[in-house]
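Contents: one structure, followed by commentary.
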Amino acid sequence: MQSTRYNGVIWMRQCVLHARRTYSVSANVTSAGNNTTGEHLPPTTPTKSLEKMRGWQLHSYGDIDELLLSDKLKIPQIRSSNECLVRVRTTAVNPIDLAMLRGYGATVLNKLRCQPGDDIEFPLTLGREFCGELVQKGMGVTSHSLKLGARVWGVVPVHASPGAHAEYVAVPSYCLAPAPKQLDDSEAASVLYAGLTAWSGLYISGGLGGPCGATTAAGGGAHKRILVLGGSGGVGTLAIQILKSQGAQVLATCSENAVEMVRCLGADFVVDYKSSDAMDELCKFAPYDIVLDCAGHGGAHASELKFDFRQYITFSSPLLANIDQQGLGLGAIKNMVDLVQTNVKSLTQRGGMVKWGFFNPAPHGIAFLEQLVRQRKLIPLIDSTFSFEEMLKAFERMKCGHLRGKIVVKL
């Protein structure tokens with residue numbers, strides 16, 4: 001049974017509901033005990049009778065069948081005074097989860113993940129974002145908004161494990177905030193990872209809002225012209241809404257069957273990326289202040305474009321992949337060479353620089369996204385929903401690609 005729920009202003013809600021009926025592929029699953037009202041529940045602090053939890057683990061890199069569900073995992077322990085323990089109600093599957101399943105970034109991330117003297121890499125629990133209930137917090141967590149029993153949303157740093165594909169997750173308090181009442185649990189678990197990726201690419205890598213945009217929740221970008229490549233995916237759909245909320249002119253590319261949906265998100269001009277004639281129309285709007293690559297083209301694609309731009313920002317950097325393949329030393333040299341060569345081509349042929357964008361769990365980035373949600377200027381799109389037991393199907397959906405929003409998993 002398929003279902004997708006959106007909240008927002010009337011005009012956007014009508015458009016999104018239309019897009020939902022036309023494009024979404026949701027498997028709606030009822031989850032007993034899932035809190036969608038935004039009310040604070042009594043804290044369910046783990047006790048000795050609840051020392052074990054269910055979670056999906058990875059014992060070796062490979063394909064989706066390497067993921068195994070266990071009901072005997074230890075509940076994560078708070079290891080520092082600024083950490084919080086959350087009971088997960090909903091989580092999501094992101095492209096980074098599928099990449100890490102295959103071993104992406106293992107060389108660097110494992111060094112960051114392991115304790116001194118501990119080189120044990122497995123088992124790993126994936127999952128980068130969640131919505132749930134705060135059940136424990138360290139003595140150093142002094143924020144009055146983080147109360148026991150509060151409904152919260154949060155992210156797990158990329159190098160951290162265990163992740164959110166389990167019944168409990170422990171994260172630093174700066175990665176956590178009260179979940180907006182405007183969103184239900186599924187929607188709240190669909191914003192932060194992709195949203196912070198888009199925000200970081202625009203405001204930190206791209207400097208869209210100047211120093212204040214990168215260091216505060218001020219945003220910015222009015223009257224700028226931005227082209228979003230891959231406007232129908234998790235990062236793209238949120239990037240479009242972020243930019244429109246700040247008064248930017250937004251153009252986007254996507255598949256033909258997603259054009260109407262992307263237009264309903266507020267994009268001023270949308271084209272089918274498979275149509276060469278439609279893509280040629282983008283030349284009329286050049287030069288672009290930023291071309292934001294949310295489609296995974298990578299930096300080399302910048303010099304292949306037919307129009308000029310000032311900045312090309314891609315989230316598909318070779319940084320970790322080069323180190324995986326050639327080690328820390330040679331990999332670092334290869335990264336520098338790749339960046340220089342890519343920029344030489346880009347500057348000489350298109351007049352703009354190529355930059356890499358990364359997910360950044362900045363508290364002011366979370367505050368910025370929460371502000372847009374409260375103002376009903378940001379609505380997460382849900383591609384599909386699965387039960388916790390159907391995690392493998394959620395990964396299969398991610399593997400198929402051509403998503404229309406986020407993949408949600410309910411516990």
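We did not get these values from a lab; they are worked out from the coordinates using the rules stated. Owing to the predicted nature of the structure, the values given are computational and were not obtained by experimental measurement. All Cβ positions, even for glycine, are placed from backbone atoms using ideal geometry, and neighbour counts span all protein chains on display.
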Packing-ranked peptide list from 380-388, 154-162, highest mean Cβ count within 10 angstrom first, is 380-388, 154-162
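Only helical DSSP H runs with n ≥ 4 go in: add -39500 (n - 2.57) per run for the chain, normalise by residue count and round the 222 nm mean residue ellipticity to 500 deg cm²/dmol.
Value at 222 nm, helices only, nearest 500: -9000 deg cm²/dmol.
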Gyration tensor on Cα atoms of region 194-356, a ≥ b ≥ c root eigenvalues, a/c under 1.5 rounded, else prolate if a/b beats b/c, else oblate, says prolate
Diffing region 352-363: the Karplus 3J(HN,Hα) column from phi (6.51, -1.76, 1.60, θ = phi - 60°), in whole Hz with x for Gly and Pro, holds x, 8, 9, 10, 9, x, 9, 4, 9, x, 7, x
For region 244-295, the charge dipole (Cβ of Lys, Arg +1; Cβ of Asp, Glu -1; about the Cα centre) points to a positive end, and the Cα of ALA278, CYS254, LEU265 closest to that extreme belongs to LEU265
Magnitude of the Cβ-charge dipole (Lys and Arg +1, Asp and Glu -1) of region 243-392 about the Cα centre, nearest 20 debye, reported as 600
Between SER81 and SER60, Cβ-based FRET efficiency (R0 35 Å, step 0.05) works out to 0.50
Projecting the Cα atoms of ILE366, CYS400, TRP356 onto the charge dipole of region 349-411, where Lys and Arg contribute +1 and Asp and Glu -1 at Cβ, the residue farthest towards the positive end is TRP356
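Compute the relative contact order of region 194-356 as a whole-number percentage, counting only Cα pairs closer than 8 Å that sit 6 or more residues apart in sequence.
Computed value for region 194-356: 19 percent relative contact order.
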Expected unfolding gain across GLN375-ALA222 under the 0.36 nm per residue rule, minus the alpha-carbon gap, is 53.3 nm
Measuring from its Cα centre, region 53-164 shows a charge dipole (+1 at each Lys and Arg Cβ, -1 at each Asp and Glu Cβ) which, in debye to the nearest 20, is 520
The helix 391-400 Cα axis meets the longest alpha-carbon principal axis of the chain at an angle in degrees, between 0 and 90 and rounded to 10, of 10
Rg (one decimal) and Dmax (whole number) from the Cα set of region 73-156, in Å, equal 14.6, 40
Expressed as a whole-number percentage, the relative contact order of region 82-173 with C-alpha contacts under 8 angstrom and at least six residues apart is 46
Answer in debye to the nearest 20: the dipole magnitude of the chain about its Cα centre, from +1 Lys/Arg and -1 Asp/Glu charges placed on Cβ, is 860
Excluding residues fewer than 8 positions from LYS284 in its own chain, the lysines with Cα under 19 Å of it are LYS224, LYS274, LYS306
Note to self: C-alpha centroids of region 47-103 and region 150-221 sit apart, in Å, by 19
Highest GNM mean-square fluctuation among LEU196, LEU68, LEU176, for the chain with Cα springs under 10 Å, belongs to LEU68
When the charge dipole of region 194-356 is computed with +1 on Lys and Arg Cβ and -1 on Asp and Glu Cβ about the Cα centre, the Cα farthest towards its positive end, among VAL340, ILE242, LEU319, belongs to VAL340
Partner aspartates and glutamates whose C-alpha sits under 18 Å from that of LYS399, ignoring same-chain residues fewer than 8 away, are ASP63, ASP65, GLU66, ASP97, ASP383, GLU389, GLU390
